[in-house]
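What follows is a single structure, written as structure tokens, with notes after it.
The values are calculated or read from the model by the stated rules, or taken from the named source; none is laboratory data. Since the structure is predicted, the reported quantities are computational estimates derived from the model, not experimental observations. Here Cβ is always computed from backbone atoms with ideal geometry, including for glycine, and neighbour counts include all displayed protein chains.
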Amino acid sequence: MGGNQLGSVFRITSFGESHGAAIGVVIDGCPAGLVVRRDVIQKALDRRAPGRSAITSSRKEKDIVEILSGVSNDVSLGTPICLMVRNQDARSEDYKNIRNIYRPSHADYVYDAKYGVRDYRGGGRASARETVARVAAGAVAGILLDRLGIKIYAYVDQIYKLKSKVPYDQMDINKSIPNALNIPDDTLYDKVTKLIQVAKEEGDSLGGSICCIIRNCPVGLGEPVFDKLHADLAKAMMSIPASRGFEIGSGFGAILMKGSEHNDSFYTDDHQKIKTKTNHSGGIQGGISNGMDINFRVAFKPVSTIAKEQTSVNTLGQSVAFKNIGRHDPCVVPRAIPIVEAMTKLVLADHYLRNKTSTILHA
Ligand SMILES: Cc1cc2nc3c(=O)[nH]c(=O)nc-3n(C[C@H](O)[C@H](O)[C@H](O)COP(=O)(O)O)c2cc1C
């Protein structure tokens, strides 16, 4: 299986299966001299952990991160950093009844068809548990970005048909949203909570979207042909399990605008900085950051594991009816926030380091 790596200078390699011994990541290209404390990575993993509210999965993993290499006395050595989290709360018996069934909209069938063998326990490598590796590595990338003053902030902006009316540029990115769903607007929070509870009672699931804002991104990040900054962000977001769409700036809304409405006019502010009056570009033009806030949305599907009875086929191709047993989330969108943030950090850290070789003219 290829494709377990992301990034070209700050490069991560993720490993592990949901119910295997451990999930982990190797980070290549992290500069030496960065203060990398275990508790900073642990905090990021604690945010990702399930079981934080009544409407999310009850898998109570401790997710204790171990730093196996690349850091000494809390300082990165410039050598590969290996981070590992041992799996502890894997209830593999929950999956025995679906061992020979291709669960609808899961990766079971395609893994079997492609590899001829698969770890059926908890979705194996296709499980969202793999994102432990991304969040751990993202925490290290975040330490680098913090030094540069780059801020990343994601929140839930839609669940099913209920969409937040707060525009992204009115969000106070210095404050965390004080509710379990990370959704702005308390009235919306109440409505969405009820909606998710109903879906749970009905044995169903719901999707939604996450909005992400990047502030203080320097001008110049992004390699403008195949590795455009928004192309790499899109790839990173679309690699998150259950993601279904990516929109930068005006996104699909641009279809309904004319050029005269969509163009972002430049002006020079009081500090002699070139800015744009509007930001339909989403902070990226020609694949390169322009210094405005970068903003994008990621759509997530309603997760495939539902409690309702479903029909499918078994590994022999025979029709079967089955019901999932065990734990599942009716809506995983809020849980994807730390993952969206981590993936954003990984892409930005990589592009920041790549940009160091762009020109000698500004030196
Ligand atoms: C944080 C998070 C948690 C997830 N938890 C579940 C889950 O409990 N049940 C489920 O069916 N899918 C869950 N998923 C999605 C599946 O991993 C994913 O849909 C599946 O592997 C198939 O991949 P695809 O949807 O990207 O095609 C989760 C995704 C994320 C981001």
Checklist entry - Out of curiosity, is Gly245 assigned to a helix (DSSP H, G or I), surrounded by fewer than 17 Cβ atoms within 10 Å (Cβ to Cβ) and either touching a His at 6+ places or on another chain (Cβ under 6 Å) or at pLDDT 95 or above (or both)? => result no
Filtering the stretch 214-262 down to residues that are more than 22 Å from Gly7 (Cβ to Cβ), within 16 Å of the ligand (Cβ to nearest atom) and not small (Gly, Ala, Ser) yields Arg244
Being touching a strand residue (DSSP E or B) at 6+ places or on another chain (Cβ under 6 Å), in a loop (DSSP other than H, G, I, E, B) and within 30 Å of Pro31 (Cα to Cα), is that true of even one residue in the stretch 170-180?
yes
Among strands (runs of 3 or more DSSP E) entirely inside the stretch 258-341, those with 3 or more residues being buried (at least 16 other Cβ atoms within 10 Å of the Cβ) are 294-300
Test Thr315 against the stated conditions and say whether it is more than 16 Å from the ligand (Cβ to nearest atom), in contact (Cβ under 8 Å) with a residue 24 or more places away in the chain and closer than 30 Å to Gly116 by Cβ. yes
Taking first residues from the stretch 241-258 that are at positive phi and second residues anywhere that are surrounded by 16 or more Cβ atoms within 10 Å (Cβ to Cβ) and not in a strand (DSSP E or B), the pairs with Cβ under 7 Å that are 6 or more apart or on different chains are Ala242/Lys301; Ala242/Val303; Ala242/Val332; Gly249/Asn279; Gly249/His280; Gly249/Ser281; Gly249/Gly282
Of those in the stretch 174-223 that are charged (D, E, K, R), touching a residue at least 60 places away in the same chain (Cβ under 8 Å) and within 17 Å of Cys331 (Cβ to Cβ), the residue surrounded by the fewest Cβ atoms within 10 Å (Cβ to Cβ) is Glu202
Given the conditions (1) among the hydrophobic types (A, V, I, L, M, F, W, C); (2) surrounded by 21 or more Cβ atoms within 10 Å (Cβ to Cβ); (3) under 20 Å from Gly3 (Cβ atoms), every one holds for Ala107 apart from (2)
Scanning the stretch 88-101 for residues that are within 15 Å of the ligand (Cβ to nearest atom) and part of a loop (DSSP other than H, G, I, E, B), the one farthest from Phe15 (Cα to Cα) turns out to be Arg91
### Query
Is it the case that the stretch 102-109 has a residue that's within 29 Å of Ala307 (Cβ to Cβ), in a loop (DSSP other than H, G, I, E, B) and touching a strand residue (DSSP E or B) at 6+ places or on another chain (Cβ under 9 Å)?
yes
*asked:* Tell me yes or no: at least one residue of the stretch 3-15 is at positive phi, within 16 Å of the chain's Cα centre (by Cα) and surrounded by 15 or more Cβ atoms within 10 Å (Cβ to Cβ).
replied: yes
In the set Ala141, Ala113, Ala154, the lone residue that is surrounded by 22 or more Cβ atoms within 10 Å (Cβ to Cβ) and part of a helix (DSSP H, G or I) is Ala141
The lone condition Val347 fails out of (1) within 16 Å of the ligand (Cβ to nearest atom); (2) surrounded by 23 or more Cβ atoms within 10 Å (Cβ to Cβ) is (1)
The residue from Lys273, Lys301 that alone is modelled with pLDDT of 95 or more and within 13 Å of the ligand (Cβ to nearest atom) is Lys301
task: Consider Asp119 carefully, then state whether it is within 13 Å of the ligand (Cβ to nearest atom) and surrounded by fewer than 19 Cβ atoms within 10 Å (Cβ to Cβ).
output: yes
